Amino acid sequence: MMQYLIVIEKTETGYSAYSPDLLGCVSTGATREEVEQNMREAMEFHLDGLKLEGLEIPQPTTSSAYINVTA
């Protein structure tokens, strides 16, 4: 099992998500829970496609951090 970072963004109609480690792999959903589930399915589909094409599966390398700043 591999663990990939996803970035979730609020939109006017719900949420969108993407993974910086899986270029072109994106999804949307009406709720945060829905976009997470849709993204999980999109990532599995994306990785299956890479395997079928005989391409290398990208290793997860992206990390995240929160920084506190005075605003």
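Bear in mind that the values in this text are calculations on the coordinates, not laboratory data. Not measured: the values here are computed from a predicted model. Cβ: placed from backbone, ideal geometry, glycine included. Neighbour counts: every protein chain shown.
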Relative contact order of the chain (C-alpha contacts under 8 Å, at least 6 apart) in percent is 26
Most packed first (mean Cβ within 10 Å per residue), the peptides 28-35, 64-71, 15-22 order as 15-22, 28-35, 64-71
With the label point 7 Å along the Cα-to-beta-carbon line of LEU5 and a cut-off under 15 Å to each amide N, the hits in the range 42-71 are 59-68
Relative to the chain, whose Cα atoms define the longest principal axis, helix 32-52 and its Cα axis are tilted in degrees, nearest 10, by 30
By the C-alpha gyration tensor axes a ≥ b ≥ c (rounded if a/c is under 1.5, else prolate when a/b exceeds b/c, else oblate), the shape of the chain is oblate
